[in-house]
Amino acid sequence: MADVLRYVDPLDARFCVAVVAILFNPFFWNVVARWEHRTRGLTRLFGGPYLACYSLGFLIILLNVYRSHSITVAMRARGRWEVLDSAGAFYAGAGLMASGSALVLSSFLALGFTGTFLGDYFGILMDQKVTGFPFSLMDNPMYWGSTANYLGLALMNASPVGIVLSAVVGVSYQVAIKYEGPFTEQIYRQSKGCSKRE
């Protein structure tokens with residue numbers, strides 16, 4: 001680990017921008033989605049829940065593109081790590097990216113656009129919980145698939161900065177899951193006419 005950290009300059013502006021982008025994204029969509037659930041402000045602004053959800057989803061996609069760009073810039077700004085600069089590490093990274101992309105894409109196909117982009121916070125509820133692939137393998141496959149993509153990219157580029165930033169992505173998703181999971185369950189309990197407290 002000491003070897004990895006010697007390649008990472010926590011004061012480098014590009015590294016800091018990447019960390020802020022990583023942390024901002026789940027914070028932003030959780031705050032905005034909870035505000036929408038409480039006030040229906042976006043639904044009123046856009047004239048309906050679907051257009052509001054699509055608009056927020058599009059903004060989240062743009063933020064994720066910027067996050068990916070900032071991570072790539074931070075990785076390229078620092079040197080390659082000799083330990084990872086091998087065909088084996090490259091192919092391991094490619095495998096992680098392939099499996100991560102499969103998890104992200106199959107999650108999106110299983111949930112649809114509104115299921116992926118917080119439709120339940122807009123009152124667009126699914127008829128039942130999705131339990132098929134990839135949700136039959138793990139909870140939150142989209143988050144873990146995204147994390148695998150970043151780690152795979154880091155390995156393919158022999159980037160210690162990328163490894164550290166992938167860890168930041170994983171931790172930020174862990175925190176997001178702690179807030180999103182119980183709140184989403186509460187939304188579905190309320191929709192079935194249950195009390196908020198059990």
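The values are calculated or read from the model by the stated rules, or taken from the named source; none is laboratory data. The structure presented is a predicted model; accordingly, all values stated were derived computationally and were not measured. When we count neighbours, we look across all protein chains shown, and the Cβ atoms used for this are built from the backbone with ideal geometry, even at glycine. Heavy atoms of the whole protein, side chains included, go into the accessibility calculation; ligands, DNA and RNA do not. Shrake-Rupley method; radii C 1.70, N 1.55, O 1.52, S 1.80 Å.
The residues on offer are F90, F15, F28, and the sole one that is assigned to a helix (DSSP H, G or I) and over 15 Å from S159 (Cβ atoms) is F28. Is it the case that M126 is free of Cβ contacts under 8 Å to residues at least 24 places away in the same chain, among the hydrophobic types (A, V, I, L, M, F, W, C) and in contact with a helix residue (DSSP H, G or I) (Cβ under 7 Å, 6 or more places away or on another chain)? Against the criterion (free of Cβ contacts under 8 Å to residues at least 24 places away in the same chain, among the hydrophobic types (A, V, I, L, M, F, W, C) and in contact with a helix residue (DSSP H, G or I) (Cβ under 7 Å, 6 or more places away or on another chain)), M126 qualifies.
For segment 151-173, which residues satisfy the criterion of being open to solvent by 20 Å² or more (accessible area, probe 1.4 Å) and under 16 Å from F24 (Cβ atoms)?
Looking only at segment 151-173, we keep the residues that are open to solvent by 20 Å² or more (accessible area, probe 1.4 Å), and these are 151, 153, 155-157, 163-164, 167-168, 171.
Of everything in segment 151-173, those that are open to solvent by 20 Å² or more (accessible area, probe 1.4 Å) and under 16 Å from F24 (Cβ atoms) turn out to be V168, V171.
Within segment 81-97, residues that are over 21 Å from R6 (Cα atoms) sit with their Cβ atoms under 6 Å from residues that are polar (S, T, N, Q), at 6+ positions apart or across chains, in these pairs: M97/N149. Of everything in segment 3-12 that is open to solvent by 30 Å² or more (accessible area, probe 1.4 Å) and in a helix (DSSP H, G or I), the residue that is modelled with the lowest pLDDT is D3. Of everything in segment 40-74, what is closer than 18 Å to T184 by Cβ and part of a helix (DSSP H, G or I)? Give them in sequence order. Selection gives L42, T43, P49, A52, C53, L56, G57, I60.
Kindly establish whether E185 is assigned to a helix (DSSP H, G or I), out of contact with any helix residue (DSSP H, G or I) (no Cβ under 9 Å at 6 or more places or on another chain) and either at pLDDT 95 or above or of a type outside the set (S, T, Y) (or both). It is true that E185 is assigned to a helix (DSSP H, G or I), out of contact with any helix residue (DSSP H, G or I) (no Cβ under 9 Å at 6 or more places or on another chain) and either at pLDDT 95 or above or of a type outside the set (S, T, Y) (or both).
Scanning segment 42-55 for residues that are open to solvent by 90 Å² or more (accessible area, probe 1.4 Å) and either over 13 Å from F117 (Cα atoms) or free of Cβ contacts under 8 Å to residues at least 24 places away in the same chain (or both) yields R44, L45, L51.
Among the residues of segment 116-123, is any of a type in the set (D, E) and either free of Cβ contacts under 8 Å to residues at least 40 places away in the same chain or in contact with a Ser or Thr (Cβ under 8 Å, 6 or more places away or on another chain) (or both)? Looking for residues that are of a type in the set (D, E) and either free of Cβ contacts under 8 Å to residues at least 40 places away in the same chain or in contact with a Ser or Thr (Cβ under 8 Å, 6 or more places away or on another chain) (or both), one finds at least one in segment 116-123, hence yes.
Screening R78 on (1) open to solvent by 70 Å² or more (accessible area, probe 1.4 Å); (2) in contact (Cβ under 8 Å) with a residue 12 or more places away in the chain; (3) more than 30 Å from F15 (Cβ to Cβ); (4) of a type outside the set (V, I, T) shows it passes everything except condition (3).
Here N140 clears all of (1) within 23 Å of L62 (Cβ to Cβ); (2) in contact with a Pro (Cβ under 8 Å, 6 or more places away or on another chain); (3) modelled with pLDDT under 95 except the condition numbered (2). Looking at segment 56-75, which of its residues are open to solvent by 60 Å² or more (accessible area, probe 1.4 Å) and not hydroxyl-bearing (S, T, Y)? Within segment 56-75, F58, L59, I61, L62, V65, H69 qualify. Among the residues of segment 131-161, just one is in a loop (DSSP other than H, G, I, E, B) and β-branched (V, I, T), namely T131.
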